[in-house]
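Let me begin by presenting the structure, written as structure tokens, before commenting on it.
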Amino acid sequence: MLADRFEGKWIDLFAEVFGLCKVAPGDACAILSESQSRALNVQLAELALHRLGARPFHVVVPTPRQTAPVPSGQQARRCASKARDPRFRRSPPRRLSPIARSKA
């Protein structure tokens, strides 16, 4: 497994996205995350906001309990094999032609 590390290109990308959101120097910006959020992403957001001259602050909320059943053992292997089997892949949604849309 690769180790998480800060790279300038990731800070640049986060800063670009915040720039598209019109973050300006001096803006107070909340970084909202869950307790189980990847720390690397939270820290990259903070570094990018600092780079733009914003004033980031953190709001961490507890990660909600998992409510959906989590596959384990044989069930997980079955799900993984279905994901690789082309017969079980969902086809992309069909787009209606302009003519069909006008009749609908």
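For residue 27, the residues 5 or more places off, or on other chains, whose built amide H falls under 5 Å of its own are 55. Karplus-based coupling profile of the stretch 26-38, in residue order and whole Hz: x, 5, 8, 10, 7, 9, 8, 9, 9, 5, 9, 5, 5, with θ = phi - 60° in 6.51 cos²θ - 1.76 cosθ + 1.60 and x standing for Gly or Pro.
Laboratory data are not the source of any read-out in this text; all were calculated from the coordinates shown. None of these values were measured; they are calculated from a predicted model.
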